[in-house]
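Read-outs: derived from the displayed coordinates by stated rules, not from any lab. Not measured: the values here are computed from a predicted model. Here the Cβ positions follow ideal geometry from the backbone for every residue, glycine too, while neighbour counts run over all protein chains shown.
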Amino acid sequence: MIFLEPQFRNEHGEILNVVNTHGKAVGYLSYMYKDQGDLYVLGQLEDEGEKQNFLDVTTHFISGLKEAVVGNEEAEPYVYIHLGGEVLNLGKEKSDQKAEEEEEE
């Protein structure tokens, strides 16, 4: 199990530590946004055993952020989340990536 623990915050974003049940930081999640609604989310996880928990927490967190920052617009946030050197895809990005691969073939 993991938790998000606030580390730093200002009027345009926040840095959150990803903390395990023992209180040890095992990654981070940060977001920044502009007044026009552009949302950027960056994250990293060290503990491979928490990959699915991290994806679940991050997906819900980004959905809430998108609604709060971007609103009902169709603009998608810019997301870069990784586990070591592997980029983790979240929900819609998977279907977009498959469509792009099929077009290339």
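With a sphere of radius 12 Å drawn around the Cβ of Gly84, what net charge do the other residues whose Cβ falls strictly inside it have (Lys, Arg +1; Asp, Glu -1)? Each step should come with its number before you reach the end.
On the way: positive: Lys51; negative: Glu46, Asp47, Glu48, Glu86.
Neighbour charge sum, excluding Gly84 itself: -3.
Take a quick pass over the chain and tell me how many lysine pairs come in under 17 angstrom between Cα atoms, counting only ones 8 or more apart or on separate chains. If you can, show how the numbers build up before the last one.
Values: Lys24/Lys51; Lys34/Lys66; Lys51/Lys94; Lys66/Lys92.
The number of close lysine pairs in the chain is 4.
Of the trypsin sites (Lys or Arg not before Pro) found in the range 1-81, those that fall in a DSSP loop while having at most 15 other beta-carbon atoms within 10 Å are Lys24, Lys34.
Using 1/(1 + (r/R0)^6) with R0 = 35 angstrom and r between the beta carbons of Lys24 and Asn89, what's the FRET efficiency to the nearest 0.05?
Values: r = 26 Å, r/R0 = 0.75.
Computed FRET efficiency for Lys24 and Asn89 comes out at 0.85.
When only the Cβ of Lys, Arg, Asp and Glu is charged (+1, +1, -1, -1), the dipole of the chain relative to its Cα centre reaches about 660 debye. Sparse packing (at most 16 other Cβ atoms within 10 Å of the Cβ) combined with a DSSP loop state is found for the following GluC sites (Glu not before Pro) in the range 1-76: Glu11, Glu46, Glu73, Glu74. Relative contact order, percent, of the chain when contacts are C-alpha pairs under 8 Å separated by at least 6 residues? Reported as a whole number, the value is 20 percent.
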